[in-house]
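Structure record follows, encoded as structure tokens.
The values are calculated or read from the model by the stated rules, or taken from the named source; none is laboratory data. Bear in mind the structure is a predicted one, so any value in this text is a computation, not a measurement. Here the Cβ is made from the backbone with ideal geometry for all residues, glycine too, and neighbour counts use every protein chain on show. Ligands, DNA and RNA are excluded from the accessible area calculation, which covers all protein heavy atoms including side chains. Shrake-Rupley method; radii C 1.70, N 1.55, O 1.52, S 1.80 Å.
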Amino acid sequence: MGNGRLESLLHFNRRPYCDRECMKAAFRAKPKKRDSSWMTAHYHARNLKPPGPCERCGKPNGSDVHHKNGDWQDNSPENLERLCRSCHNREHRPRAACSICGKPVKGYGYCDKHYQRFKKWGDPLMVKQNQHTPVERMTE
């Protein structure tokens, strides 16, 4: 035992595992249930995919495992992909696009041009041709 005292033979023989490493190996060898929780399935996926670099960008130490087909319960080796955190975030949270023109978003769901128009005139489609013309709504 950890405190220097000997363990009785009765208690020693009742132990199912000799130490923590032996217990961990036995738990990993158990068949995986299909109805397990999300966290358990991802734990097993991380253990099934060997550690290594990100398979998309090549960064060393890819920490996340991504399920290619989107089914988090499918832990077959061909469905698992080792990714770094930034590539995994890009996969699940794609960058938003402007609701008017499709360019990358700055604020309120608009690109920089439409966001500035919204801040100035309250409407992202308002435009002024020059200083001598009135502000009018433009259809794009």
The simple spin-label model distance between residue 103 and residue 39, using points 7 Å out along Cα→Cβ, in nm, is 4.4 nm
Amide H of residue 65: which non-local residues (sequence gap of 5 or more, or other chain) have their own amide H closer than 5 Å, using H built in the peptide plane? 83
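Mean residue ellipticity at 222 nm from the helices of the chain, using -39,500 (n - 2.57) per DSSP H segment of n ≥ 4 over the full residue count, to the nearest 500 deg cm²/dmol? Please list the in-between numbers first.
Numbers: 5 runs with 45 residues, N = 140.
Mean residue ellipticity, 222 nm, calculated: -9000 deg cm²/dmol.
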Normalised contact order of the chain, rounded percent, pairs of Cα under 8 Å and 6 or more residues apart: 11 percent
Cα gyration tensor, the stretch 43-99 - rounded (a/c under 1.5), prolate or oblate: oblate
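Leaving out ligands and nucleic acids, and using a 1.4 Å probe, what accessible area per residue does the chain come to in Å²?
77 Å²
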Dipole axis of the chain (+1 Lys, Arg; -1 Asp, Glu on Cβ), positive-most option in 52, 36, 66: 52
Between the stretch 82-131 and the stretch 17-79, what is the C-alpha centre distance in whole Å? 37 Å
Read-out volume of the Cα convex hull per residue in Å³, candidates [x] 177; [y] 231; [z] 117; calculated match is [y]
For the chain, the percent of accessible surface on carbon and sulfur atoms (probe 1.4 angstrom, ligands and nucleic acids excluded) is 54 percent
